[in-house]
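Student: A single structure is presented below for examination.
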Amino acid sequence: MVWRILLLGRAEAHRAGTVHSRFESSRVVALLARLALQPRREHPRDELLEALCPDVPRAVAQGRLRHTLSHLRRLLEE
C-alpha cells in the first residue's frame, strides 16, 4: 500500500481509505514530514535528535525521539 502525505494546512496521512490527521504533537508531524520528503534516505538518530530537539539535553532528546517514533509507528502500522 502507498501512503499519501499532506503537509500543507492540516497534516494528514492517507492510505487505503484511512485518514490519519490527529497527531500527538508537532514533533510527530515534523518527523513524518522529514521521513516522507526523503523516503529512500537513511536518517541517522543523531541527525533526527538535532532536527527535532536541538536545544534539549541528549538524554531527554533521545527519550523524546523514542516516544515520537513509537507514536508514529503505532499510528501508521495499524
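Student: Output the number of residues of segment 1-42 satisfying the condition of being touching a residue at least 40 places away in the same chain (Cβ under 8 Å) and assigned to a loop (DSSP other than H, G, I, E, B).
Tutor: Total satisfying the criteria: 4.
Student: Looking at (1) of a type in the set (Val, Ile, Thr); (2) surrounded by 10 or more Cβ atoms within 10 Å (Cβ to Cβ); (3) out of contact with any strand residue (DSSP E or B) (no Cβ under 6 Å at 6 or more places or on another chain), which is the one condition that is false for Val2?
Tutor: That leaves (2) as the condition not met.
Student: Which residues, taken from segment 45-57, are under 14 Å from the mean Cα position of the chain (by Cα) and part of a loop (DSSP other than H, G, I, E, B)?
Tutor: Result: Cys53, single match.
Student: Determine which member of the set Glu42, Glu47, Glu77, Glu24 is open to solvent by less than 70 Å² (accessible area, probe 1.4 Å) and of a type in the set (Asp, Glu).
Tutor: The match here is Glu47.
Student: For segment 5-21, give me each residue that is aliphatic (A, V, I, L, M), more than 12 Å from Leu72 (Cα to Cα) and surrounded by 10 or more Cβ atoms within 10 Å (Cβ to Cβ).
Tutor: Ile5, Leu6, Leu7, Ala11, Val19
Student: Condition test on Leu69, is it in a helix (DSSP H, G or I), of a type in the set (A, V, I, L, M, F, W, C) and in contact with a strand residue (DSSP E or B) (Cβ under 6 Å, 6 or more places away or on another chain)?
Tutor: no
The values are calculated or read from the model by the stated rules, or taken from the named source; none is laboratory data. These numbers come from a predicted model, not from an experiment. In this analysis, Cβ positions are derived from the backbone assuming ideal geometry, glycine residues included, and neighbour counts consider all displayed protein chains. For accessibility, only protein heavy atoms count, side chains too; no ligands or nucleic acids. Shrake-Rupley method; radii C 1.70, N 1.55, O 1.52, S 1.80 Å.
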